[in-house]
Amino acid sequence: MKFTFSLLLLFTTTFLMAQNPEKKQVTVKGIILEEGTNYPLEYSTVSFINKQGKTITGGITDTEGNFSIEVPAGVYTVKYEFISYKAKEVPNQNLTKNTTLPTIKLALDAASLDEVVVRAETTEVQIRLDKKIYNIGKDLTAGGATVSDALNNVPSVTVDVDGTIALRGNENVKILINGKPSAIAGFGSTDALRQLPADAIERVEVITSPSARYDAEGTAGILNIILKKEKTLGVNGSLTSTIGVPLNSSVSGNINVRTDKFNIFNTTGLSYRTGPGKAFFNNNYLPRTIIDTITGTTTTVEPKFDQIIENRKYDRLNQNFNTNLGIEYYLTKKSSLTASGFLRLGNDEDVTTNDTQNFKNNDLKESTKRIENQTEDDTSYQFSLNYVNNFNDKGHKLTADLQYDRDKETQRSIIDDRRIFPDLEILPAEDITSKENQTEYLAQADYVLPIGENAQFEAGYRGNFETKSTDYSLSNEIGTSGIFVRNDSISNVFTHTENVNAVYSQYGNKFGKFSFLLGLRLENTQLKGKVDAENISENPPFDLNFDRNYTGLFPTLNFTFELKQNENITLGYNRRINRPRSWFINPFPSRSSETNIFQGNPSLEPAYASAFDLGYLKRWKKLTLSSSIYYQHETDGFERVQEETGQFTSNGVSIIRTLPINLATNDRYGFELGLLYNPYKWLTLNGSFNYFKFKTEGFYNNIDYGTENNSYFGRFSSKVKLPAKIDWQTNAFYRGPSNNSQTESDGILSVDMAISKDIIDDNGTLALNVSDLLNSRKRNSLTTTNTFTSESEFQWRKRQINLTFTYRFNQKKQRQRPQKGGGDDEGGFEG
């Protein structure tokens, strides 16, 4: 509707100006904001009406609520309008020279809320100088899903079957909540995102060329998840309940109480889910050649078993509770103080059954069953304080944040082993306990100073102080006596400390159609590791206790050139760092099975990357095209390698370890394309495609791990509005095959489908969705080394069907207003 109006307005403007070519033209500028929140109102209309009541000219605001319109000199009534807001008229404006009008604030029109038209679907993607903003609140397939599931529907983002999040195929992505590291996101792990409802998300900012305001962490870029926080006055909220197969039951509710002086918000959710999954491994071991370095003679050693087949079955039970309570108090009309607390409780019970068959020359020699019963208790809480002071309505602003996060997690696994064939034998059991305690303090201040009409200066400080302690204890059973003895050669306490202090400044300006943002960030990182263990070898292969310090400069450059009003080109450059997380540098192994272990590498150094991004955006009336070409050069990039340890299990099977290492260089380049098409009011089509290629060079233990690989992924979504207030949506995703120096992975296809209907006078919505409709979301791969090959298939969770009911009170379905492009100062958590 507003697009049609805007086109008519522009047409009228052009026509009338053509009739008065001789009249002097002046430039009139201004800004339109939402009253109470100061959100810029994009696509608001500005009309200039003469004394005879005729509209002489007009225009619309940009993404920041700004307008700049050429007007024939004269006296006018200026009219400001935006759908569902009360219009304002300012009479007798004598516009005889270039003028900047006072900032206008429009208030919501409560009387027209029943007739609110949802903003055009094109607003689901908004382009900023340093980010793309995706509104996923309208995604029907997110009903009953988690935040991790919802991220898989965001262009440029992929979520692997094990929950690993990647941006443009690169797993080193930084996850932020409301612009900050947070216990809500699980610190460096993505497991916590599986516990939060997707309904909590308002939008996701994909930041592939981060400005200096953001952390330099994450060579792929940043995913900033902005959580909901209602701005409407009064009492409002919603209740959502879900039931699914396999069992997926949850209930969540949110409530807001807002007055002119304060806003109280709370979200509480409870879930009870099962997670059936499976895995298959076919390992083939080759004869090993051992060379005597003294005599030069070679010996060929045959493996005890030349083929080992594992079939794993996962039965997971996850029980989670989360709640967030906060209050935003408006100290003055221009300043506010927000305090909030978040609590998450998790109680998981997982059973992994591993049936193993050992072969020699195609003959079954041994069959074993390994059952791991694991329990996990997780408690996370966060306290935060946010202060905002808007010195004026032109963007002069100061924000300050203090945040404290704590996470306590206890895992205990009882592992029972028994041989089934050729005879029944109960093997010694294992008792493994891992206790993790993590704390993080954050202090941040950001200052924004507009300079003149189009320039802006920013500066700030951020300090992150994180400590994580892992107490790992392994006890072995003596025979089958039920008596366990601690294994001091493996049991240990590892403490990891990461302190980051950063200051930044950046300057942006706009000259006509050209905009730029230049920034520089200085970061100092301290990484410390300490191991307490009873029995450490005299010459360990790693430096178990270390204290390293890194200081680096991280420049950012972002440029935009507006070819036309709805067409622009962007160019970005930034330097990034990838710091090794605690589990990547913990030198003591953790075992996923008796024959496969993961071992951290304390010698791991940070990786650095320089990235370039060239983007193009074009908007038509019903079509939006966004595209970009990107290149990244990374030094000391992380790579996981698999190798034999030289150790064997009690029945003579070689133990294989996975180890992260630094490789010399990693060059990655590619392009992405996104299309959003609204041919009719009842049909929305959305598609994206991402192709990338990378080249890795490097040696480890005299083995060349260099490789070249190219891969791609694409997604397509269609949403149809049917009669009787029924919506139908289908999402399809395909990731092409890929490989690294050791492993080849097959492509993955996944299809989701959902249907919803509004009921109870549009206050309720009933939705049925199917995740992984074809039950095809499986990872198949083949790993090849000099001593073994491993063929595997892994499925985290099979097809899921959910029925979700949402009831809203004093809240309109999907009524959306323009969102501010920042996000660092956003608060709240609502479902």
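Here THR645, THR635, THR595, THR658 are screened, and the one residue that is β-branched (Val, Ile, Thr), out of contact with any His (no Cβ under 7 Å at 6 or more places or on another chain) and under 26 Å from ASN574 (Cα atoms) is THR635. Beta carbons closer than 6 Å, at least 6 apart along the sequence or on distinct chains, pair a first residue in segment 768-785 that is at positive phi with a second that is assigned to a strand (DSSP E or B) and at pLDDT 90 or above for ASP772/SER750. Those strands (runs of 3 or more DSSP E) of segment 39-97 in which 2 or more residues are under 40 Å from the mean Cα position of the chain (by Cα) and modelled with pLDDT under 85 occupy 55-60. Contact map, segment 721-743: residues that are in the same structural domain as TYR705 (by TED's automatic domain parsing) paired with residues that are of a type in the set (A, V, I, L, M) and exposed (fewer than 15 other Cβ atoms within 10 Å of the Cβ), Cβ distance under 7 Å, separation 6+ or inter-chain. Pairs shown: TRP728/LEU722; TYR734/LEU749.
Restricting segment 527-559 to residues that are among the aliphatic types (A, V, I, L, M) and in contact with a Leu (Cβ under 9 Å, 6 or more places away or on another chain), the residue that is modelled with the lowest pLDDT is ILE536. Quick check on GLY253: is it in contact with a Leu (Cβ under 8 Å, 6 or more places away or on another chain) and either in the same structural domain as THR785 (by TED's automatic domain parsing) or free of Cβ contacts under 8 Å to residues at least 60 places away in the same chain (or both)? For GLY253, the condition - in contact with a Leu (Cβ under 8 Å, 6 or more places away or on another chain) and either in the same structural domain as THR785 (by TED's automatic domain parsing) or free of Cβ contacts under 8 Å to residues at least 60 places away in the same chain (or both) - is met.
GLY479 falls short of the stated requirement of being at pLDDT 85 or above and either part of a strand (DSSP E or B) or hydroxyl-bearing (Ser, Thr, Tyr) (or both). The residues of segment 746-763 that are free of Cβ contacts under 8 Å to residues at least 60 places away in the same chain and over 23 Å from the mean Cα position of the chain (by Cα), listed by number, are ASP746, LYS757, ASP758, ILE759, ILE760, ASP761, ASP762, ASN763. For segment 697-719, a residue qualifies if it is modelled with pLDDT under 85, part of a strand (DSSP E or B) and crowded, with 17+ Cβ neighbours inside 10 Å, and the qualifying residues are THR707, ASN709.
Which fully enclosed strands (runs of 3 or more DSSP E) of segment 749-795 have 1 or more residues being in contact with an Asp or Glu (Cβ under 6 Å, 6 or more places away or on another chain)? Correct list: 764-771, 779-784.
One line per residue, one yes/no per condition, for (1) touching a residue at least 24 places away in the same chain (Cβ under 8 Å); (2) more than 22 Å from ASP407 (Cα to Cα); (3) in a strand (DSSP E or B):
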{"position": "ALA279", "(1), (2), (3)": "yes, yes, yes"}
{"position": "ILE290", "(1), (2), (3)": "no, yes, yes"}
{"position": "ARG316", "(1), (2), (3)": "yes, no, yes"}
{"position": "GLY326", "(1), (2), (3)": "yes, no, yes"}
{"position": "SER336", "(1), (2), (3)": "yes, yes, yes"}
{"position": "THR352", "(1), (2), (3)": "yes, yes, yes"}
{"position": "ASN358", "(1), (2), (3)": "yes, yes, yes"}
{"position": "THR375", "(1), (2), (3)": "yes, no, yes"}
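Cβ separations smaller than 6 Å between residues 6+ apart or across chains give the following pairs from segment 216-230 residues that are closer than 29 Å to THR665 by Cβ and charged (D, E, K, R) to residues that are part of a strand (DSSP E or B) and at pLDDT below 85: GLU217/LYS174. The set of residues from segment 283-310 being touching an Asp or Glu at 6+ places or on another chain (Cβ under 6 Å) and surrounded by fewer than 16 Cβ atoms within 10 Å (Cβ to Cβ) comprises just one member, PRO287. Scanning segment 571-613 for residues that are modelled with pLDDT under 90 and assigned to a strand (DSSP E or B), we see that the one that is nearest to ASP532 (Cα to Cα) is SER590.
The values are calculated or read from the model by the stated rules, or taken from the named source; none is laboratory data. Only a predicted model underlies this, so the values are computations on that prediction, with no experimental measurement involved. Positions of Cβ are backbone-derived with ideal geometry, glycine not excepted, and every protein chain shown enters the neighbour counts.
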